[in-house]
Amino acid sequence: MAIHTARVLVAVSAGYDGTVETRELRYFVAVAEELHFGRAAERLAMAQPPLSRAIRQLERRLGVVLLHRTTRSIALTEAGSVLLREARAALAAVEAAERRTRRAAAHRPGMVLATKAGASSELLSKLLDAYAAEPGAVPVEVILCGPGEQEGLLRDGRADVALLHRPFDTTAGFDTEDLHTEKQVLVLPAGHPLASRAHISSAEVSALTDLPLPRWPRSDGSYPDGPGPQVRDHTQLAQLIALGRTCAVMPESVRTHLRCGHAIVPVPDAPAVTTVIAWPPHSKSRAVADLVRTAVRL
């Protein structure tokens with residue numbers, strides 16, 4: 001079914017039982033994000049009058065006011081904020097369904113696995129080898145991504161399965177199986193005065209002034225404020241640590257990737273990190289089921 005004709009149930013207020021087309025959801029999201037009909041119309045490549053009529057019609061059908069309008073500004077009502085959140089999720093689900101459907105119809109079936117670059121490398125290698133030996137195994141494309149990106153790839157359908165790491169990654173909305181739990185360690189430059197310590201506390205790490213903690217990008221690409229350097233991936237982080245510019249608390253499996261320029265000190269009170277394999281709920285993929293079974297067996 002084409003995306004513009006698909007219909008999605010959206011519960012906006014108690015007692016409402018109706019359907020909203022994805023086309024209307026796209027219109028509303030554009031207006032709600034731009035808070036300006038002119039910019040929203042330009043973004044949608046359409047004229048402003050039909051966009052305004054579509055939003056008014058949507059409000060009449062739902063029986064709620066979605067936008068507070070004045071001659072100078074537009075603001076979301078409480079109902080509008082709810083619809084914006086639900087509409088984004090609904091549109092993402094439709095797009096994910098389309099991507100997975102197209103991939104399932106490909107002449108050569110396959111599966112896409114997303115994982116954070118540099119994380120769980122040994123586990124991933126064992127998993128891929130074990131799965132490849134299974135009868136009926138399909139090719140697995142591995143996407144190595146930055147911290148937190150694998151969750152988005154899984155939600156929008158660009159990945160069929162992912163390796164996530166609690167408590168850093170959100171697993172809400174996915175089916176998951178725990179694979180491995182490990183403690184965390186402080187990675188710092190070799191030769192640093194703290195390198196000879198038997199252990200260190202999280203409070204002591206946060207209080208370090210000569211080795212400020214790194215700043216990872218948020219989901220919108222911006223960086224939080226702070227004295228630490230901006231980092232994008234673990235390769236960059238490892239080099240900055242070796243240069244004496246930062247330190248980082250990381251899962252202890254990072255030992256296998258470090259060079260002689262690094263030292264490791266256990267952080268006993270840091271939260272344990274659990275690697276999980278995650279996939280969309282209600283997945284009907286036989287390949288995903290086989291891969292999950294292989295991962296759990298390992």
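Brief remarks follow.
- The residue among Ala289, Gly191, Thr209 whose Cα reaches farthest toward the positive pole of the charge dipole of region 148-298, with charges on the beta-carbon of Lys, Arg, Asp and Glu, is Gly191.
- Taking a straight Cα-Cα cut-off under 23 Å and skipping sequence neighbours fewer than 8 places away in the same chain, the lysines within cross-link reach of Lys126 are Lys116, Lys183.
- Three principal axis extents describe the C-alpha atoms of the chain; from largest down they are 69, 54, 34 Å.
- Rounded, prolate or oblate (a/c below 1.5 giving rounded, otherwise prolate when a/b exceeds b/c) for region 70-216 by Cα gyration tensor: oblate
- GNM top mover of Ala45, Ala172, Ala207 - the chain, alpha-carbon springs below 10 Å: Ala45
- Calculated P(r) of region 135-204 - Cα pairs past 21 Å, %: 49 percent
- Judged by the mean number of other Cβ atoms found within 10 Å, the most tightly packed of the peptides 154-167, 111-124 leads the ranking 154-167, 111-124.
- Estimated dipole of region 184-266 in Debye, rounded to 20 [Cβ of Lys and Arg +1, of Asp and Glu -1, Cα centre]: 180 debye
- Sorted on the mean count of surrounding Cβ atoms within 10 Å across their residues, most packed first, peptides 278-284, 23-29 read 23-29, 278-284.
- Principal-axis analysis of the Cα atoms of the chain puts helix 48-62 at an angle of about 90° to the longest axis.
- Listed by chain and number, the aspartates and glutamates placed with their C-alpha closer than 18 angstrom to that of Lys284 are Glu95, Glu98, Asp156, Asp160, Asp175, Glu177; residues fewer than eight positions away on the same chain are left out.
- Relative to the longest principal axis of the Cα atoms of the chain, helix 121-132 runs at roughly 70 degrees.
- Put a plus charge on the Cβ of each Lys and Arg, a minus charge on the Cβ of each Asp and Glu, and nothing anywhere else: the dipole of the chain about its Cα centre is then about 820 debye.
- Cα gyration tensor, region 22-101 - rounded (a/c under 1.5), prolate or oblate: prolate
Rule-based calculations on the coordinates, nothing more; no lab input. Worth saying up front: this structure is predicted, and the values here are computed from it rather than measured. All Cβ positions, even for glycine, are placed from backbone atoms using ideal geometry, and neighbour counts span all protein chains on display.
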